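Below is one structure, written out as structure tokens, with a few remarks after it.
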There are 2 protein chains.
Amino acid sequence: MSTHSTPLATPRAASGAARAAVIGLGSMGFGMAQSLRRAGFDVAGTDVNPDAVARFVAEGGRGAASPAEAAADAAVVVCVVVNAAQTEAVLFAPGGVAAAMPEGAVFVSSATMDPAVARRLAAGLEATGRHYLDAPISGGAARAAKGELTVMASGTPAAFAAARGALDAMAAKVHELGDAAGIGASFKMINQLLAGVHIAAAGEAVALAAKLGLDLDKVYEVITGSAGNSWMFENRVPHILAGDYRPLSAIEIFVKDLGIVQDMVRAERFPAPIAAAALQMYLASAGLGFGRDDDSSVARTYAQLSGTRLPQPGGPAE
Amino acid sequence: MSTHSTPLATPRAASGAARAAVIGLGSMGFGMAQSLRRAGFDVAGTDVNPDAVARFVAEGGRGAASPAEAAADAAVVVCVVVNAAQTEAVLFAPGGVAAAMPEGAVFVSSATMDPAVARRLAAGLEATGRHYLDAPISGGAARAAKGELTVMASGTPAAFAAARGALDAMAAKVHELGDAAGIGASFKMINQLLAGVHIAAAGEAVALAAKLGLDLDKVYEVITGSAGNSWMFENRVPHILAGDYRPLSAIEIFVKDLGIVQDMVRAERFPAPIAAAALQMYLASAGLGFGRDDDSSVARTYAQLSGTRLPQPGGPAE
């Protein structure tokens, strides 16, 4: 519930700072909350994990016990949870943010989700007099902490206007992609389709190179200078060369995101056999026990399926 | 047959220029022959297409009526034909280059082929006292003409030594990948696996974006600045945006090259489902009649399979 008897378009703290809420203080949300504070916002943070909230408070942020408490006096509510289901619960579960946030405030929705779901959540929130900005992000935790994310945003002009200051604080680049929710989510899913395929293809190529007995360091050098290169090849293959599969981004992320792609293409009657093949390799990777390991673990799946040795931590191939 | 009674390691023209032969004056071979001439080589060129030879002669090169005639007095024989079968015919068909080229000369084999075939051709030639350099290339026609190719080379030290001057004339970068034929070919196939998957994935993603109604120019802008980018996405998607499918590199090239990948992985007992899915899309593209069109035509195949409109030449989507 809102604690305000009169809705405020831009609630401010006693200090005069604009108030923002960040729901989800994971690797991305924590950095985004830091960036908002650095830009002068009075930020309330909340997370299902109390340790994350305690860490945010220790750095000078305000902690909140629930999304509704965080959002109650916020002009901007940034939601950086795992998926559509969590976003929907944050908004519309009993005691959710949709009823708690001030009318006229904006909900900035950054979880990756099916565009059809983004449209449905936006319609539900807009019917209550709040704004919804479809605003998936890319860039990783380091750029989140520096306020240098890329945002793929769409929404009404009013939603953009209400979110502008927060977007500028969190992002180096805000792509303004259209005037309705769902468009930003669609762009994000196109990116995820390509990113997921490129990581799996890198795993396929590097494990095959290992099977052929090639020097993998030379493979990295040659491919990154050739037409076979991709952003993901360049970024993920060093994990494989180091045998280091600590999760910067986990296999389960692409089980989820390429799963959303398959939901979308089924609805669109659009065959996507390459994304489908890549999804099967992420599923096999999760089935082999790599679900919470780095997504470059897809190379380990190819290695297991072919009796191939990959580099081990701290040394050459086993 | 060699016209020399005494084999010459480095035959020179009367002018003192080292003699080279280029077999195959297509878009790559023609530029490589030009680069060799610019570096001072006396170059004999030949091609199954007499017009290509006439064009080379018009630019000041020496024309030859057959590979054997071109190779008869060459210290370096550069072979830039379409595939392994043509390379094998150039070398070992009756009246072929293997018997014609001087002993001690080097055969620089640049066609993309199965590494197992490269090893077999090298063994056959080396048994006659000539050298074989496994030297597939990348970089495209423009860089071939400028002498700025990338070469992925492997072979004996003697083969490298005999080919050094020609390699320096044709390439900006020579990767020295090992001391036996087959290694260079393996690196090239790893590159082709990735390149072929990335073009097909770009087609899948862009056609899906069109189906979702997204602004494709914005898709290009967002993706090329995001983690979903690849060298091929950046290079090929402009063809789709322009509706211009004139062949810079044709669908049939990847029918061939991903076919070689499938031959290799079958022999290696290595499952490669993503490359396999991409190959099916090139086959479907050829089946729809796009075989001799630009490889970005794979996007047109996705469009046809999903009732999607892509941009047409000189205007917005049809």
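Report yes if some residue within segment B:199-219 is open to solvent by less than 10 Å² (accessible area, probe 1.4 Å), more than 27 Å from residue A:154 (Cα to Cα) and in contact (Cβ under 8 Å) with a residue 12 or more places away in the chain; otherwise report no.
Yes.
For segment B:164-178, how many residues meet the condition of being small (Gly, Ala, Ser), open to solvent by less than 20 Å² (accessible area, probe 1.4 Å) and either out of contact with any strand residue (DSSP E or B) (no Cβ under 7 Å at 6 or more places or on another chain) or in a helix (DSSP H, G or I) (or both)?
So the first thing to find is which residues in segment B:164-178 are small (Gly, Ala, Ser), and the list is B:165-166, B:169, B:171-172, B:178.
Narrowing further to those that are open to solvent by less than 20 Å² (accessible area, probe 1.4 Å): B:166, B:169, B:171.
Now narrow it down to the ones that are either out of contact with any strand residue (DSSP E or B) (no Cβ under 7 Å at 6 or more places or on another chain) or in a helix (DSSP H, G or I) (or both): B:166, B:169.
The total comes to 2.
Take segment B:187-207 and flag every residue that is over 21 Å from the mean Cα position of the chain (by Cα) and among the charged types (D, E, K, R). Selection gives B:204 alone.
Collect the residues in segment A:264-275 that are open to solvent by 30 Å² or more (accessible area, probe 1.4 Å) and either assigned to a helix (DSSP H, G or I) or under 26 Å from residue A:28 (Cβ atoms) (or both), keeping them in residue-number order.
First, pick out the residues of segment A:264-275 that are open to solvent by 30 Å² or more (accessible area, probe 1.4 Å): A:266-269, A:271, A:273.
Selection gives A:266, A:267, A:268, A:273.
With respect to the conditions (1) open to solvent by 30 Å² or more (accessible area, probe 1.4 Å); (2) of a type in the set (Val, Ile, Thr); (3) touching a Ser or Thr at 6+ places or on another chain (Cβ under 9 Å), residue A:222 lacks only one, and its number is (1). Taking helices (runs of 4 or more DSSP H) that fall entirely within segment A:179-252, which contain at least 2 residues that are polar (S, T, N, Q) and assigned by TED's automatic domain parsing to the domain that holds residue A:295? In segment A:179-252, A:183-211 are the helices (runs of 4 or more DSSP H) which contain 2 or more residues that are polar (S, T, N, Q) and assigned by TED's automatic domain parsing to the domain that holds residue A:295. Counting only residues that are assigned to a helix (DSSP H, G or I) and open to solvent by 10 Å² or more (accessible area, probe 1.4 Å), segment B:152-163 holds 5 of them.
Remark: pairs (first residue in segment A:151-167, within 14 Å of chain B (Cβ to nearest Cβ); second residue basic (Lys, Arg) and surrounded by 24 or more Cβ atoms within 10 Å (Cβ to Cβ); Cβ separation under 8 Å; 6+ apart in sequence or on different chains) = A:152/A:188. Scan segment B:244-263 for residues that are open to solvent by 10 Å² or more (accessible area, probe 1.4 Å) and in contact (Cβ under 8 Å) with a residue 40 or more places away in the chain and jot them down. The answer is B:244, B:245, B:246, B:247, B:248, B:249, B:250, B:252, B:253, B:256, B:260, B:263.
Would you point out the residue of segment B:276-294, among those that are in a helix (DSSP H, G or I) and in contact with a Pro (Cβ under 8 Å, 6 or more places away or on another chain), that is surrounded by the fewest Cβ atoms within 10 Å (Cβ to Cβ)?
Looking only at segment B:276-294, we keep the residues that are in a helix (DSSP H, G or I), and these are B:276-290.
Filter again for in contact with a Pro (Cβ under 8 Å, 6 or more places away or on another chain), leaving B:277, B:280-281.
Details: B:277: 23, B:280: 14, B:281: 27.
Selected residue: B:280.
For segment B:17-43, enumerate the residues that are at positive phi and surrounded by 24 or more Cβ atoms within 10 Å (Cβ to Cβ). Listed by number, the list holds a single entry, B:24.
Residues in segment B:306-315: is at least one within 14 Å of chain A (Cβ to nearest Cβ) and among the charged types (D, E, K, R)? Before the answer, list the steps.
Of segment B:306-315, the ones within 14 Å of chain A (Cβ to nearest Cβ) are B:306-310.
The next check asks that each one be among the charged types (D, E, K, R); those that pass are B:309.
Yes, that holds for at least one residue.
Scanning segment B:271-304 for residues that are over 23 Å from the mean Cα position of the chain (by Cα), under 15 Å from residue A:273 (Cβ atoms) and facing chain A (nearest Cβ under 9 Å) returns B:273, B:302. For segment B:214-270, what are the residues that are β-branched (Val, Ile, Thr) and more than 10 Å from chain A (Cβ to nearest Cβ)? The answer is B:237, B:240, B:251, B:253, B:255, B:260. Condition check: under 20 Å from the mean Cα position of the chain (by Cα) and at the interface with chain A (Cβ under 8 Å from one of its Cβ atoms). Does residue B:137 satisfy that? Against the criterion (under 20 Å from the mean Cα position of the chain (by Cα) and at the interface with chain A (Cβ under 8 Å from one of its Cβ atoms)), residue B:137 does not qualify.
The values are calculated or read from the model by the stated rules, or taken from the named source; none is laboratory data. A quick note: this is a predicted structure, and the numbers were derived from the prediction, not measured. Using ideal geometry, Cβ is built from the backbone for each residue, glycine included, and neighbour counts are taken over all protein chains shown. For the accessible areas, the whole protein counts, side chains as well, though only heavy atoms, and no ligand, DNA or RNA atoms are used. Shrake-Rupley method; radii C 1.70, N 1.55, O 1.52, S 1.80 Å.
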